[in-house]
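This report refers to the structure that appears directly beneath it.
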């Protein structure tokens, strides 16, 4: 009986721990945070459908971060290797622990005709370090 109780307790504990993703979709701009029932991401706009049925359209350029389907994207500075200029891109946060975050960015390469996954390592006190992984 004791083993059964411990097994059931472990089962319920694992179900609680497993749900660590964002359960609410949201969008953050310079001056507002909007919580949504559903968030749809397009090429230029993000559409937020609220609980009362109202729809709000936000330009992707104005976004600082957003969460959709349990995943978080943040606007981060990325250095372009060819020009050396700093550009801003929406990067998906993959993992975060002890002040260190791993971000993922997908780019399409016309030259190689494939998608490339760029993984960015960002420490709170350091600059961003990039590592390219090509997906074919």
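Some points to look at:
- Put simply, of 119, 115, 66, 108 the only residue that is under 11 Å from the mean Cα position of the chain (by Cα), part of a strand (DSSP E or B) and either surrounded by 14 or more Cβ atoms within 10 Å (Cβ to Cβ) or modelled with pLDDT under 85 (or both) is 66.
- Qualifying residue in the stretch 75-84 (condition: surrounded by 10 or more Cβ atoms within 10 Å (Cβ to Cβ) and over 18 Å from residue 107 (Cβ atoms)): no
The rows are residues; the columns are (1) loosely packed, with under 10 Cβ neighbours inside 10 Å; (2) modelled with pLDDT under 90.
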{"position": "15", "(1), (2)": "yes, yes"}
{"position": "26", "(1), (2)": "no, no"}
{"position": "33", "(1), (2)": "no, no"}
{"position": "38", "(1), (2)": "no, no"}
{"position": "44", "(1), (2)": "yes, no"}
{"position": "50", "(1), (2)": "no, no"}
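- Within the stretch 85-99, the set of residues being touching a residue at least 24 places away in the same chain (Cβ under 8 Å) and over 13 Å from residue 119 (Cα atoms) comprises 99 only.
- Filtered by the rule that a residue be modelled with pLDDT under 80 and not in a loop (DSSP other than H, G, I, E, B), the stretch 79-99 gives a lone residue, 79.
The values are calculated or read from the model by the stated rules, or taken from the named source; none is laboratory data. Computed from a predicted structure; not experimentally measured. Because the Cβ atoms are built from the backbone with ideal geometry, glycine has one as well, and the counts that use them run over all protein chains shown.
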